[in-house]
Ligand SMILES: Cc1cc2nc3c(=O)[nH]c(=O)nc-3n(C[C@H](O)[C@H](O)[C@H](O)COP(=O)(O)OP(=O)(O)OC[C@H]3O[C@@H](n4cnc5c(N)ncnc54)[C@H](O)[C@@H]3O)c2cc1C
Ligand SMILES: Cc1cc2nc3c(=O)[nH]c(=O)nc-3n(C[C@H](O)[C@H](O)[C@H](O)COP(=O)(O)OP(=O)(O)OC[C@H]3O[C@@H](n4cnc5c(N)ncnc54)[C@H](O)[C@@H]3O)c2cc1C
């Protein structure tokens, strides 16, 4: 059977592409080897966040798309905002710079002094000197967001093949584990396992731990992230931890975060969790008493330069890539889908696609 | 603080106590952990108003007098690792206990099947209602209905009656002739025959419906009445409390986390050999974690496990015939009081299945791919981590939402304070 577009992978990125493509009129089939949202997407935090890094423009556009997504409540979207928190006075100049830089992208943010910070978030440790509020940031429940996007794709005529693994790209299509062949333009959106089908595009799993707490009354209303978070993202040789706490609608808290490269083992590491929680207690001492109900791990799809591959793969017939979003795949899924489909259909693009061009890995 | 013992035992019920005493007798040091304030497990709970019975006093004295046994009451095991080690938490803080061997004897919990109104305050598990009553909860003069299946129903009703409750009716799903067949076999287990007789006499005058079940709990803010159906005829009985008992399911979570092999029937039990050894070296399991069989069987399994760990294999093997005898009793109870299908069909689409996350049966049936139920509805993602609703789902929708061991064996076992988890790393032996 022939298709306009074959999307491999039912995580947030594949689901967003299937939805955008089928709504643009492409006859789309999405193939997922397990069930939707059981990869990186199901283990993440669902923080829609504008980081001051190379993905800034893609994130800004993506947040616009999240805000205007029809039937958004189905994704449990909540406009919590983010507060970046300085640990010491030394972190304050960095937050000022971040604020100015965000402003050049029309992203509003407000510097908070000691008093403002504690008025907004009274549970924070008393000695923390200030922070930066980014009010436009939000949170979603990623599995529901995927279900929502796949529902839209279905209604626009897309087919879903679940429990079917793509074992090879055939040049003009794909071959499934049971031998069946499908033809059409292919998008590889398989997240951390992207290199299995496209070895020329390197992606490595980057492990993270998350803890979810019991429901309890809490004064925390914003996603709280320490100002030093980005150092941890850029450091790739050692395990890093940073305070990153998200309030959930029922009073639960999602508590993170950690990053470790080069580890395949899913098991929870006691020592990493311990370091992570110590970091969290530094900012939120009251959380010592909170009860955890579950700890789990997930793998972020990390590329060598920290940027995702979005675009056509050189040297192959009609194969496109959309993977490698590291810790920002939920945030940037909608922008990624828009960019990829615009490129595919040769429509004018809203963003510069060059930084994401897969060719950079092949030429290097 | 880390403490080391020759043998760690989780659970001070009949199985754990028997194992502890066997091991102490053989000269081993034992660390015995239980979240209850008193030893004895589910069956050994004493009524708080009563002076402790003789058997109970003897147990406690023996435990205290035995300097090889260190008993840790009021300590919940919130996590474990295959060292083997147990991480416990209490009001005072947390401890890490290690042992050369580990015996798991955490018993079982009640199976709860949802039906319309089951979440109303006043509806409880029969064993839970019994335990609450024993711990001093006032039931004097209150109207109580017991419904479900099997001997536990009678035992619970007996306790509440002694504490002054008005038992309106006991509703047993099993047909009268099936019960008669069971009773006819009882003489093979004289102690059980006597117990049954005592209970029957004690409950004389209380209506005992057979072939009947509660189809609905009625009430606005809390339970006011129940609807009972007996062979097609329906009646409404007003009451303050309903105690339901549909059977027990083993507490396998610790074993699962330690990687012990399980069987499913459909509820998981830990697989053991004739010496109570699990598939993991150095880890044994005894009592109802290996299957529901009653206190006598649990005690025997504890003794066998104790001998096995102490290397007294001939003593362990000599108990095999008695083990078989009591295992048969458990099998007879299971056979004659097996749950009947109509009890699995009471819940409607509006009935809540997962109380922690407020998920209805209708929402679960609406998920197209049954493997996605948990992710999409958050069934079992609340504080009880599916201990109640997963078992119910296995009964109501066999084959649905089967969970992978890796998913269910994530830490912690029970809600644990973040500082307990954070400090574990400091205590883990540097390896
Ligand atoms: C702990 C943690 C916290 C995070 N927090 C956030 C956050 O707060 N905000 C944020 O924006 N991002 C966050 N992320 C990152 C985000 O989760 C990922 O970037 C994103 O989910 C990647 O989505 P994906 O669709 O590319 O990959 P996946 O979700 O992994 O999807 C890929 C899918 O492809 C399928 N597949 C693989 N191979 C094949 C094949 N051969 N055939 C068919 N199907 C196949 C897999 O089964 C899988 O379902 C976090 C990640 C982690 C681990
Ligand atoms: C609610 C209930 C009521 C019952 N009432 C009766 C009755 O009236 N008559 C009767 O004949 N039989 C009754 N039974 C059955 C009877 O209890 C069992 O047959 C017998 O007690 C099994 O012995 P065991 O040692 O395997 O487990 P148990 O007696 O259940 O002992 C297990 C012990 O392990 C402890 N434990 C479990 N998990 C943890 C943890 N994570 N941390 C710390 N401690 C833990 C528990 O507190 C418990 O004390 C009842 C069972 C239940 C569940």
**OP:** Tell me which residues, restricted to region A:149-167, are in contact (Cβ under 8 Å) with a residue 40 or more places away in the chain and part of a strand (DSSP E or B).
**Re:** A:159, A:160, A:161, A:162, A:166
Original post:
With A:328, A:277, A:307, A:334 as the choices, which residue is under 23 Å from residue A:206 (Cβ atoms), in contact with a helix residue (DSSP H, G or I) (Cβ under 8 Å, 6 or more places away or on another chain), in contact (Cβ under 8 Å) with a residue 12 or more places away in the chain and within 14 Å of chain B (Cβ to nearest Cβ)?
Top reply: A:277
Original post:
How many of the residues in region B:391-423 are modelled with pLDDT of 75 or more, part of a helix (DSSP H, G or I) and within 11 Å of chain A (Cβ to nearest Cβ)?
Top reply: 6
Original post:
Would you say residue A:181 is surrounded by fewer than 18 Cβ atoms within 10 Å (Cβ to Cβ), more than 14 Å from every other protein chain (Cβ to nearest Cβ), within 16 Å of ligand 1 (Cβ to nearest atom) and free of Cβ contacts under 8 Å to residues at least 12 places away in the same chain?
Top reply: yes
Subject >> Tally of residues being within 15 Å of ligand 1 (Cβ to nearest atom) and under 20 Å from residue A:84 (Cβ atoms) across region A:280-299 >> reply: 1
**OP:** Tally the residues that are surrounded by fewer than 19 Cβ atoms within 10 Å (Cβ to Cβ) and part of a loop (DSSP other than H, G, I, E, B), restricting the search to region A:184-213.
**Re:** 3
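Looking at region B:184-209, which of its residues are under 26 Å from residue B:121 (Cα atoms) and without any contact (Cβ under 8 Å) to a residue 40 or more places away in the chain?
Scanning region B:184-209 gives B:207, B:208.
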**OP:** Report, by residue number, each residue of region B:300-324 that is surrounded by fewer than 22 Cβ atoms within 10 Å (Cβ to Cβ) and either at positive phi or assigned to a helix (DSSP H, G or I) (or both).
**Re:** B:311, B:313, B:314, B:315, B:317, B:318, B:320, B:321, B:322, B:323, B:324
**OP:** Give just the number: which of (1) away from every other protein chain (no Cβ under 14 Å); (2) near ligand 1 (Cβ under 10 Å from one of its atoms); (3) in contact (Cβ under 8 Å) with a residue 24 or more places away in the chain does residue A:146 not satisfy?
**Re:** (1)
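Condition check ((1) more than 27 Å from residue B:421 (Cβ to Cβ); (2) away from ligand 1 (no atom under 16 Å from the Cβ); (3) part of a helix (DSSP H, G or I)) across all residues:
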site	(1), (2), (3)
B:6	yes, yes, no
B:9	no, yes, no
B:12	no, yes, no
B:16	no, yes, yes
B:21	yes, yes, yes
B:24	yes, yes, yes
B:35	no, yes, no
B:38	yes, yes, no
B:41	yes, yes, no
Original post:
Among (1) within 14 Å of chain A (Cβ to nearest Cβ); (2) touching a strand residue (DSSP E or B) at 6+ places or on another chain (Cβ under 8 Å); (3) without any contact (Cβ under 8 Å) to a residue 12 or more places away in the chain; (4) away from ligand 1 (no atom under 16 Å from the Cβ), which single condition is residue B:367 missing?
Top reply: (2)
**OP:** Kindly indicate the residue of region A:306-327 that is under 21 Å from residue A:242 (Cα atoms) and out of contact with any strand residue (DSSP E or B) (no Cβ under 9 Å at 6 or more places or on another chain) and also nearest to ligand 2 (Cβ to nearest atom) among those meeting that condition.
**Re:** A:306
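Search region B:63-83 for residues being away from chain A (no Cβ under 14 Å) and within 14 Å of ligand 2 (Cβ to nearest atom), and hand back the single one that is nearest to residue B:18 (Cα to Cα).
B:63
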Original post:
For residue A:87, all conditions in the list (1) in the same structural domain as residue A:194 (by TED's automatic domain parsing); (2) surrounded by fewer than 23 Cβ atoms within 10 Å (Cβ to Cβ) hold save one; what is the number of the exception?
Top reply: (1)
Original post:
Does residue A:311 fit the bill of being assigned by TED's automatic domain parsing to the domain that holds residue A:26, away from ligand 1 (no atom under 13 Å from the Cβ) and within 15 Å of residue A:188 (Cα to Cα)?
Top reply: yes
Original post:
So residue A:289 clears everything in (1) at pLDDT 95 or above; (2) within 7 Å of chain B (Cβ to nearest Cβ) except one condition, right? Which one?
Top reply: (1)
Original post:
Among the residues of region B:98-119, is there at least one that is out of contact with any strand residue (DSSP E or B) (no Cβ under 7 Å at 6 or more places or on another chain) and within 15 Å of ligand 2 (Cβ to nearest atom)?
Top reply: yes
Original post:
When residue B:357 is evaluated against the numbered criteria (1) at negative phi; (2) touching a strand residue (DSSP E or B) at 6+ places or on another chain (Cβ under 7 Å), which criterion, by number, is the only one it fails?
Top reply: (2)
Subject >> Residue list for region B:375-390, restricted to those being within 9 Å of chain A (Cβ to nearest Cβ) and not in a loop (DSSP other than H, G, I, E, B) >> reply: B:375, B:376
**OP:** Residue by residue through region A:248-268, note down the ones that are surrounded by 14 or more Cβ atoms within 10 Å (Cβ to Cβ) and more than 13 Å from ligand 1 (Cβ to nearest atom).
**Re:** A:252, A:253
Original post:
Within region A:34-56, how many residues turn out to be in a loop (DSSP other than H, G, I, E, B), within 14 Å of another protein chain (Cβ to nearest Cβ) and surrounded by fewer than 22 Cβ atoms within 10 Å (Cβ to Cβ)?
Top reply: 3
Subject >> Checklist (1) crowded, with 18+ Cβ neighbours inside 10 Å; (2) more than 21 Å from the chain's Cα centre (by Cα); (3) at pLDDT below 95 applied to residue A:217, failing item >> reply: (1)
Subject >> Test: residue A:115 is in the same structural domain as residue A:335 (by TED's automatic domain parsing), away from ligand 2 (no atom under 16 Å from the Cβ) and not in a strand (DSSP E or B) >> reply: no
Subject >> In region B:243-294, residue farthest from the other protein chains (Cβ to nearest Cβ) [restricted to those that are part of a helix (DSSP H, G or I) and more than 10 Å from ligand 2 (Cβ to nearest atom)] >> reply: B:255
Original post:
Of all residues in region A:254-266, which are facing another protein chain (nearest Cβ under 9 Å) and modelled with pLDDT under 95?
Top reply: A:266
Subject >> Residues (more than 16 Å from residue A:311 (Cα to Cα), modelled with pLDDT of 95 or more and assigned to a strand (DSSP E or B)) located in region A:1-33 >> reply: A:28, A:29, A:30, A:31, A:32
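The values are calculated or read from the model by the stated rules, or taken from the named source; none is laboratory data. Computed from a prediction, not measured in an experiment: that's the story for all the values here. So basically every Cβ, Gly included, is an ideal-geometry build from the backbone, and we count neighbours across all protein chains shown.
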